[in-house]
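Report on the structure given below.
The values are calculated or read from the model by the stated rules, or taken from the named source; none is laboratory data. None of these values were measured; they are calculated from a predicted model. Don't worry about glycine lacking a Cβ; one is built from the backbone with ideal geometry, like all the others, and counts go over all protein chains shown.
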């Protein structure tokens, strides 16, 4: 369907990638991976025609219908959520309008038979196209997609301007899925989605007959839906025939082989150069020296593929703390609405969090997970009962609203230094390097940072403060796969207690030892890891 052939693209005079080649065939499921800033989004824009390659070509088969979901959502206003999704299929909207006009003309009393025949012929053609494009099912399909993406029927007729940015992203995603195109380009579709919605989207993509090319920070999602990986890294593009785990294994083998080949060639070249240096002044060896010089000139040099930095977060030493970290005694929380009605979130929790527990707080979107963490960390008071914090326990809290508490006009270095005044500047710079802020990046102002960069700033000083209990509300949001791996490694080594909300199943499976599920106003405790929890939730056959 699409052939990317020897494409080179410059950004600011610097090549983003050179001689890139890959193909997208009918029905292929492809993951696009690579470090931030390497050009993944650029490839989407090249395929859609928003950008042109500086060298090479992108050939798109005739009549291929392409849909693109990006992180930049167009302005939405003046329609309901359902109307907005249906309007995403512009051709169907045009045909629907034409059908309406045909019916209007046919009802005119002075319409002649010849004109009626012409209208009926046109109407028949357009009606056939309308039916072939799924026009009669589009409203039902739009309702199903919106509901699958977590926007339930009671909100389908709600004006789009009343939805927050994250919910508008879901509406924008629904507008892409409703098109049912030959190829979907998806730039981070799992951002802003909760676990249930991510699983629904997985199932939708597994059933989808067309092809897609997507980026995502959720490796389990990618493992489940893609069968091919295209990597953009260090200016090169390489294709791997398999899922993300396969790509990681094969990439490691390629790097090892490249290093071994490079080392062998360097050893050989050193011996040849030593021979040339030793005998170049001797006339008796002139022919041999000249032969070896020519040999070296003809050799195709092996380039050492640059590896991504192997980063390890150095954790600060924390006080041991007591065995009883948090005691919940009949804990409950309710919100009072503006009209005075009371909305219960959860109630009746009696449980103990013990030292070094690593607890996942799970539940559907809106169940009260974040509220539960805020109650524990005293960000909001409990309505009933209590959460008693152990006397030697120091709690560090990360929540989505803490991103907005950063000083927008400070640089990254200044912001972290203000939180860790006891550390020398070089120590802070070393710390920031372990959170992927290197060199002059530390002088970047907070107001120019992405959500993921802000999260890394907060986590850098949170994990460098001697808290022996961490309460983390979606710390993996906006973090790329590499940043998640680095954070996961740190939390595995962390010797304190953790309670967290995350939609990253790989992260949870690797870390968690207990699960608290918030559901229908109560919290159920599962005494096992995340896989144990999933097994308990499987429907009985």
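Residues that are out of contact with any helix residue (DSSP H, G or I) (no Cβ under 9 Å at 6 or more places or on another chain), outside any strand (DSSP E or B) and more than 18 Å from residue 395 (Cα to Cα) within region 342-369 comprise 366, 367, 368, listed in sequence order.
None of 17, 44 is in contact with a helix residue (DSSP H, G or I) (Cβ under 9 Å, 6 or more places away or on another chain), farther than 23 Å from residue 246 by Cα and at pLDDT below 95 except 17.
Within region 251-277, the only residue that satisfies the criterion of being surrounded by 11 or more Cβ atoms within 10 Å (Cβ to Cβ), within 43 Å of the chain's Cα centre (by Cα) and more than 30 Å from residue 230 (Cβ to Cβ) is 266. The test for being surrounded by 13 or more Cβ atoms within 10 Å (Cβ to Cβ), over 24 Å from residue 511 (Cβ atoms) and under 31 Å from the mean Cα position of the chain (by Cα) does not hold for residue 367.
The number of residues in region 419-437 that are free of Cβ contacts under 8 Å to residues at least 60 places away in the same chain and touching a helix residue (DSSP H, G or I) at 6+ places or on another chain (Cβ under 9 Å) comes to 8. Being over 25 Å from residue 348 (Cα atoms), out of contact with any strand residue (DSSP E or B) (no Cβ under 6 Å at 6 or more places or on another chain) and in the same structural domain as residue 367 (by TED's automatic domain parsing) is a condition met by no residue of region 512-520. Counted as qualifying within region 427-541 are the helices (runs of 4 or more DSSP H) with 2 or more residues that are over 23 Å from residue 374 (Cβ atoms) and modelled with pLDDT of 90 or more, namely 481-493, 505-511, 530-537. With respect to the stated conditions, residue 437 fails to be in the same structural domain as residue 524 (by TED's automatic domain parsing) and in contact with a strand residue (DSSP E or B) (Cβ under 6 Å, 6 or more places away or on another chain).
The number of residues in region 521-541 that are surrounded by 15 or more Cβ atoms within 10 Å (Cβ to Cβ) and either closer than 19 Å to residue 197 by Cβ or not assigned by TED's automatic domain parsing to the domain that holds residue 352 (or both) comes to 3. Just so you know, in region 408-425 the residues that are at pLDDT 90 or above and under 13 Å from residue 447 (Cβ atoms) include one that is surrounded by the most Cβ atoms within 10 Å (Cβ to Cβ), and it is 412. Is it true that some residue in region 232-246 is within 30 Å of residue 55 (Cβ to Cβ), over 30 Å from the mean Cα position of the chain (by Cα) and surrounded by fewer than 14 Cβ atoms within 10 Å (Cβ to Cβ)? Looking through region 232-246, none of the residues is within 30 Å of residue 55 (Cβ to Cβ), over 30 Å from the mean Cα position of the chain (by Cα) and surrounded by fewer than 14 Cβ atoms within 10 Å (Cβ to Cβ). For region 377-386, a residue qualifies if it is within 16 Å of residue 330 (Cα to Cα) and either assigned to a strand (DSSP E or B) or under 28 Å from the mean Cα position of the chain (by Cα) (or both), and the qualifying residues are 384, 385, 386.
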